[in-house]
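Laboratory data are not the source of any read-out in this text; all were calculated from the coordinates shown. Everything numeric in this text was worked out from a predicted model, so none of it was measured. Note: ideal-geometry Cβ built from the backbone for every residue, glycine included; neighbour counts use all protein chains shown.
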Amino acid sequence: MDTIIRKIRPEEYRLLREFLYQAIYLPEGVESPPRSVVDLPELKVYVTGFGTQPGDYCLVAETEEKVVGAAWSRIMEDYGHIDNNTPSLAISLLPEYRGLGIGTQLLNTLLLLLQENGVLRTSLSVQKENPALHLYERAGFRILEEKDTEYLMLRDITNHADMEEIP
């Protein structure tokens with residue numbers, strides 16, 4: 001399966017709402033929330049007005065002319081917020097495209113794009129049980145803080161600004 005990783009187009013920003021919903025981790029046996037959950041203030045910050053703020057970056061994964069995943073970052077007051085200079089990252093794939101390496105491609109390409117634009121610190125929040133935790137650790141994110149059911153993670157390459165490749 002050929003996958004293209006590319007910048008999101010403005011007419012595709014509406015897709016971020018679906019990918020935000022898909023990013024919600026649900027442990028086995030937990031019922032999916034209604035799609036309207038993404039309208040809650042603590043989730044809307046990920047997508048509302050995307051593309052209008054400096055530092056809004058988003059890449060999508062496209063397979064067979066269908067967008068199957070998205071990874072984006074922005075500076076916002078979200079679950080992964082550290083400070084007003086460190087963007088938070090979100091990533092998700094449609095369920096049938098998980099476990100195929102697309103998320104790794106998407107994440108690494110976004111991290112490289114951020115680095116090329118001078119963004120050397122990125123944060124995120126992940127549920128402790130979420131298998132994506134290992135993806136983030138492989139990409140260089142480290143646990144900064146442990147909360148009840150989640151970790152606040154940070155990838156900081158400020159001491160490695162001359163890095164040419166994302167691990």
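What number, rounded to the nearest 500 deg cm²/dmol, is the helix-based mean residue ellipticity at 222 nm of the chain, given -39500 (n - 2.57) per DSSP H run of at least four residues and division by all its residues? Numbers along the way, then the final one.
Numbers: 4 runs with 34 residues, N = 167.
Helix contribution divided over all residues of the chain: -5500 deg cm²/dmol.
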Completion exercise
Of the candidates Val47, Leu124, Gln105, the farthest towards the positive dipole end of the chain (Lys/Arg Cβ +1, Asp/Glu Cβ -1, centred on the Cα centre) is Val47
Practice task
Name the lysines eligible as straight-distance cross-link partners of Lys128: C-alpha to C-alpha under 25 Å, and not fewer than 8 places from it in the same chain.
Solution key: Lys44, Lys147
Practice task
Pull out the extension gain between Thr52 and Arg121, defined as 0.36 nm times the separation in residues minus the alpha carbon to alpha carbon distance; nm, one decimal.
Solution key: 22.8 nm
Handout entry: Difference of contour (0.36 nm per residue) and Cα-Cα distance, Lys66 to Val37
Key = 8.0 nm
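Let's see if you can work this out: charge +1 on each Lys and Arg Cβ, -1 on each Asp and Glu Cβ, no other charges. What is the dipole magnitude of the chain about its Cα centre, in debye to the nearest 20?
The dipole magnitude comes to about 220 debye.
Can you compute the FRET efficiency between Lys147 and Asn84 using 1/(1 + (r/R0)^6), with r the Cβ-Cβ distance and R0 = 25 Å? Round to the nearest 0.05.
Rounded to the nearest 0.05, the efficiency is 0.80.
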Problem - DSSP beta bridge pairing in the chain, given as percent antiparallel to the nearest 5 - result: 95
Fill in the blank from the handout: In nm, the gap between the two label points placed 7 Å beyond Cα toward Cβ at Leu15 and Thr158 is 3.4
